[in-house]
Amino acid sequence: MPSFIGRMAALRLASSAAATSSSRVVIAKQLGARVSCPPQSSLPLLRAGFVRAYATPGRPKKTDTGSSTQSAGRPKKTAAAAPKAAAKKATTTKKAATAKKATKPKKAASPHKPKKKELTELQKEKKEKAKVLAEKAELKQKALFTEPKALPSNPWQLYVTRQSAGVTVGQDTMADRMAKLSEGFKAISLAEKEELQRTADENKLQNAAAYKAWVESHTPEDIAEAQNARNLLRRKFDYPKANGTHKIRDDRQPKAPRSSWIYFFRARHGSGDFNHLSQTEGLKQIAQEWKSLPTVDRQPFADLAAADLTRYKKEVESTLHRDIASPR
């Protein structure tokens, strides 16, 4: 239905005495082409409100905008407003996207990685040699070749040391010098030999005290690591060649556990049944007995070995602070 303002406007226009066909057109436009001007004979009835201002009976049709006939006083929205709003919205969206893109940090371009050059055979050989030398130097540092120098601990060593002191090397070879020293040692008197023996015994005690002090200046872990390094040097590099690799004597180190075979051998060797045989023959017969020994008879020796292994594990944990299964 038309609004109240629309009906009143229609009434005022219809009541005019000078209403023409043009006025009816204006009324029709303002009412959205829905109201037609009635004839002059219907003006009294229109004023009285008995005649509707519709061209056709029935409910008014809705406009394209979804509402009823526009009121006379309101301006009608044009179709040009929709593209402007859409353009404004698109511009706002584009500005927001541009601002968001500007604030996003750019990824740094990854530098071009140069291609590695392949080493020649000579370079590979030098690199491998340097690696071996570095490993050897590291093992030598861990091996603790810093034992105190031992004094002569027997009469012969003491005699050679005294005779060689202050003597320059001449044209004689080592064999010739040692032959002359041997003849001189045999020719010394009994009193001189006793004096050499007494001094050598004193040196032996001094050596033991100095060696023990050196060992105890390091922790048991350091001594165990040093012994392992010496073993690797001997196996991999055959070092040192002159004096050989000596085992470090440390009473603090856990003693290795004995196997069931060792317990069996000690029991059979101590029985005296093989005293009439040589050491090699006795070892062969004991080994043959062990091979033919039933599992039931081996069980007591296996129990001894298991108990010794338990003891070794406890000592390693308490002394070296590690598990025997962990790598050295």
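What follows draws every value from the coordinates through simple rules; no lab data is involved. The structure presented is a predicted model; accordingly, all values stated were derived computationally and were not measured. Here the Cβ is made from the backbone with ideal geometry for all residues, glycine too, and neighbour counts use every protein chain on show.
Summarising the label geometry, the points placed 7 Å from Cα in the beta-carbon direction at Val132 and Asp238 lie 1.2 nm from one another. Give me the one-decimal nm value for the distance between modelled label points at Gln163 and Ala150, 7 Å along each residue's Cα-to-Cβ direction. According to this spin-label approximation, the distance is 2.1 nm.
Neighbour counting of Cβ atoms within 10 Å sorts the residues Lys136, Lys115, fewest neighbours leading, into Lys115, Lys136.
Pairs Lys117/Lys236; Lys129/Lys241; Lys180/Lys212; Lys204/Lys236: which are spaced more than 26 Å apart, C-alpha to C-alpha? The partial results should precede the final answer.
Values: Lys117/Lys236 31 Å; Lys129/Lys241 20 Å; Lys180/Lys212 36 Å; Lys204/Lys236 33 Å.
Flagged as over cut-off: Lys117/Lys236; Lys180/Lys212; Lys204/Lys236.
For segment 260-320, the Kirkwood radius over C-alpha pairs fed into Stokes-Einstein at 20 °C and 1.002 mPa s yields D = 164 µm² per second.
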